[in-house]
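Derivation of every value follows stated rules applied to the coordinates shown; laboratory data play no part. No experiment lies behind these values; they were computed from the predicted model shown. With ideal geometry, Cβ positions are generated from the backbone for all residues, glycine too; neighbour counts draw on all protein chains shown.
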Amino acid sequence: MAQTQKTSEQSSRLLIDAGPIGVWIIVYNVMRRIAEDDAIYWGTGAYMVAAVIALVMSIRIERRIPPMLVFTTVIVLGFGMIGILLQDPIFIYIKPTIINLFLSYMILVGLALGTNVWKVFFSHIFELTDRAWTLLAIRWAIWFQVLAGLNEVMWRHITDSVVPESARWFAGLELSEAFWSNAKLGVMVLSILFAASQMPLILKNQPKKDAADAA
């Protein structure tokens with residue numbers, strides 16, 4: 001029964017994480033055919049609504065307020081609203097960078113201060129040894145840095161928007177806004193694969209009492 005509940009929670013988490021991205025991609029690509037340059041704002045507005053719905057669903061399912069999801073939702077709403085009101089897509093482009101860097105440094109600073117925030121956030125899903133929680137937290141902190149860097153490379157080389165040439169890092173690299181927008185799906189898949197790659201660590205470091213209970 002306990003394992004079934006954990007599996008259900010993980011499935012719900014996947015839906016909550018993937019839902020807003022799916023809404024973003026669908027709305028953005030549909031509106032590109034209708035509103036062209038304004039598609040980024042339509043996609044952002046739809047994503048904001050979906051993010052709020054996902055937060056409400058998470059609170060209802062988990063019966064707790066998830067602090068990490070609250071923060072990411074606030075960033076989505078804040079930068080999305082600024083981008084829409086100012087009609088400046090750069091605020092929308094840099095949002096993933098801000099979110100990922102915050103999560104990374106939140107983990108690293110927490111560890112430096114003696115608190116494993118990753119354990120605080122996810123101990124209701126997994127039960128691991130302290131060493132495993134530390135390794136898992138460090139790996140995710142590094143992964144968030146990778147995602148932040150990837151987003152920086154992509155948005156700085158969008159050539160069919162308002163991004164200035166001075167923002168570019170690599171000469172000759174040219175990407176479209178549509179590529180950046182649809183790359184969210186690829187980033188989500190990469191994150192899922194990264195999470196799956198951590199399963200050996202998680203399974204190997206389950207407390208011994210779990211095996212005794214299963215027997």
### Query
Pulled fully out, how much extra length does the chain show between ALA18 and ILE202, if you take 0.36 nm times their separation in residues and subtract their Cα-Cα distance?
64.0 nm
### Summary
Given backbone amide H placed at 1.01 Å from N, residues whose amide H is under 5 Å from that of ILE158, ignoring those fewer than 5 places away on the same chain, are LEU175
### For the chain, the spread of Cα positions along each principal axis, largest first, Å
60, 35, 27
### Message
If each residue of separation counts as 0.36 nm, what is the full-extension length gain between VAL70 and VAL153 once their alpha-carbon separation is subtracted?
### Response
27.2 nm
## Note on the structure
Here the FRET efficiency for ASP37 versus TYR105, based on Cβ atoms and R0 = 25 Å and rounded to 0.05, is 0.15
### Query
Against the longest alpha carbon principal axis of the chain, how many degrees, from 0 to 90 and to the nearest 10, is the axis of helix 2-32 turned?
0 degrees
### Principal-axis tilt of helix 95-112 within the chain, Cα atoms, nearest 10 degrees
30 degrees
### Summary
Tilt, helix 130-156 to longest principal axis of the chain (alpha-carbon atoms), in degrees rounded to tens, equals 10 degrees
### Gap separating the Cα centres of segment 131-197 and segment 67-96, nearest whole Å
16 Å
